[in-house]
1. Please specify each residue of region B:198-236 satisfying the condition of being among the acidic types (D, E) and in contact with an Asp or Glu (Cβ under 8 Å, 6 or more places away or on another chain).
2. Tell me which helices (runs of 4 or more DSSP H) are completely within region B:135-242 and hold 1 or more residues being within 11 Å of another protein chain (Cβ to nearest Cβ), within 20 Å of the chain's Cα centre (by Cα) and closer than 30 Å to A:A42 by Cα, or say none if there are none.
3. Conditions first: (1) outside any loop (DSSP other than H, G, I, E, B); (2) within 14 Å of another protein chain (Cβ to nearest Cβ). B:Y127 passes all but one, so which condition is the exception?
4. Could you please let me know if A:L17 is touching a strand residue (DSSP E or B) at 6+ places or on another chain (Cβ under 7 Å) and more than 14 Å from chain B (Cβ to nearest Cβ)?
5. Hey, does region B:91-105 have a residue that's touching a helix residue (DSSP H, G or I) at 6+ places or on another chain (Cβ under 8 Å), outside any loop (DSSP other than H, G, I, E, B) and more than 14 Å from chain A (Cβ to nearest Cβ)?
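Since every read-out is calculated from the coordinates, none of them should be taken as a lab result. Since the model is a prediction, treat every value here as computed from it, not as a measurement. Methodologically, a virtual Cβ is constructed for each residue, glycine included, from the backbone with ideal geometry; neighbour enumeration extends over all protein chains shown.
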Protein chains: 2
Amino acid sequence: MIILSKQNPLVKELASLKEKKGRRRTGTFLVEGHKMVREAVASGMDVVRLVLREDYAGERYGLPAVVLGQDAFAAVCDEKTPQGIAAEVVIPERSVQPPQGRCLLLDGLQDPANVGAIIRTAVAAGYEDVYLAGCADPFSPKSVRASMSGVFFARIMQGTQEEILSAIAGLPVIAADMGGEDVFSYAAPEKFCLAVGSEGSGLSALVRGRADVTVCIPMDARTESLNAAVSAGILMYALRTKI
Amino acid sequence: MIILSKQNPLVKELASLKEKKGRRRTGTFLVEGHKMVREAVASGMDVVRLVLREDYAGERYGLPAVVLGQDAFAAVCDEKTPQGIAAEVVIPERSVQPPQGRCLLLDGLQDPANVGAIIRTAVAAGYEDVYLAGCADPFSPKSVRASMSGVFFARIMQGTQEEILSAIAGLPVIAADMGGEDVFSYAAPEKFCLAVGSEGSGLSALVRGRADVTVCIPMDARTESLNAAVSAGILMYALRTKI
């Protein structure tokens, strides 16, 4: 059976996953495109159902699937030129808990594409525990896309600054901030938490107050700052001793 | 005099600067917002005129200015919530010539926001000579915005792969590519050209063929790649010896 109407309740529910309110109601998010769906399945994410366009003829992974007409499928997807396959995936709910290795704390980052790109880099650089305090939702379409499959692999934990600082109690906190010491000459301990603030306003007073050391990226005097994702990437790699 | 009509020839010409065709016709691009205009003036860019919204009451830098009504100003700007000031600035035309120090070659990068963010990082990290071959236009609104004031400070040179490779003849070329040696253990020479390809297809055969060494960013096995701007930023900082 092919669902054609954009007014169909399931189509409306799937389309609502573009918004945080919709994702909160269902506890799921949408993963779009061949590659991302394949990675979501391979990484062991809990897939509720595939969402397929009527002309889709590819792999179905033995998963339950719903088939939509062109218009209904387009209404569900956030991509401008969707590929004919998407998956509704359960948001991995994790309570804020101590990290397993070195970890990353994002403090107030509002740009979903930056949050996603940073999660992508965090997995690559071996910062699997990613704490988010007051950030853009990592399960929004923009963030999921920018993360590539990062949101499937990272242990994302969202909470208040207080909850997160309490979970990482005892761990050295390395804060990224203007005027800190040169990150390239700083010798990092084996385990630590790197705290990165927003591009506009930096770290919150609470997180800054908990810092054991402050590091910065040396920059030409004419440059005030770097893009938040670029900056987080440089810091993560500069601090990591080995992968 | 306040120009109210969006059909006014000057308003139409300014609005055309959003497109490459328009910029090519006038040889200028538009810089939007208080901070970017201030930096353009301070950096010595050749400003043709300020473009002001009728309610603008700030600094005019002793420059010629045209004042537009709300609608006409909105039609000219690319920003969703423009700040009331923009500047039409002459595109610095540079012939492709040898670099002054270490330099960066972007090969086929199509995302304007990535091109801009990379130029921003290049200035910060001391790669002032930036060669672009087959890339998105660095003077598009998205790229200019992402570069912050990077496009004012970098020596941007656009040309074919052949022209650029000929200009950097004799300089060691460090190519970024999968399977290269770990950039963090590679000892870079004092002067070199870092060549970075597109996120999708990497370096062109021509540039890859000219590489003296290939380096890569070590990554967790589950990660295939990083965002192009993040990756270029990590590479530039890993290779630079001092600023």
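1. Hit for region B:198-236 is B:E199, nothing else.
2. So the answer is B:228-239.
3. Every condition holds for B:Y127 apart from (1).
4. yes
5. For region B:91-105, residues touching a helix residue (DSSP H, G or I) at 6+ places or on another chain (Cβ under 8 Å), outside any loop (DSSP other than H, G, I, E, B) and more than 14 Å from chain A (Cβ to nearest Cβ): present.
Here is a yes/no grid of residues against (1) in contact (Cβ under 8 Å) with a residue 40 or more places away in the chain; (2) charged (D, E, K, R); (3) at negative phi:
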{"site": "A:E181", "(1), (2), (3)": "no, yes, yes"}
{"site": "A:Y186", "(1), (2), (3)": "yes, no, yes"}
{"site": "A:P189", "(1), (2), (3)": "no, no, yes"}
{"site": "A:V196", "(1), (2), (3)": "yes, no, yes"}
{"site": "A:T223", "(1), (2), (3)": "no, no, yes"}
{"site": "A:Y237", "(1), (2), (3)": "yes, no, yes"}
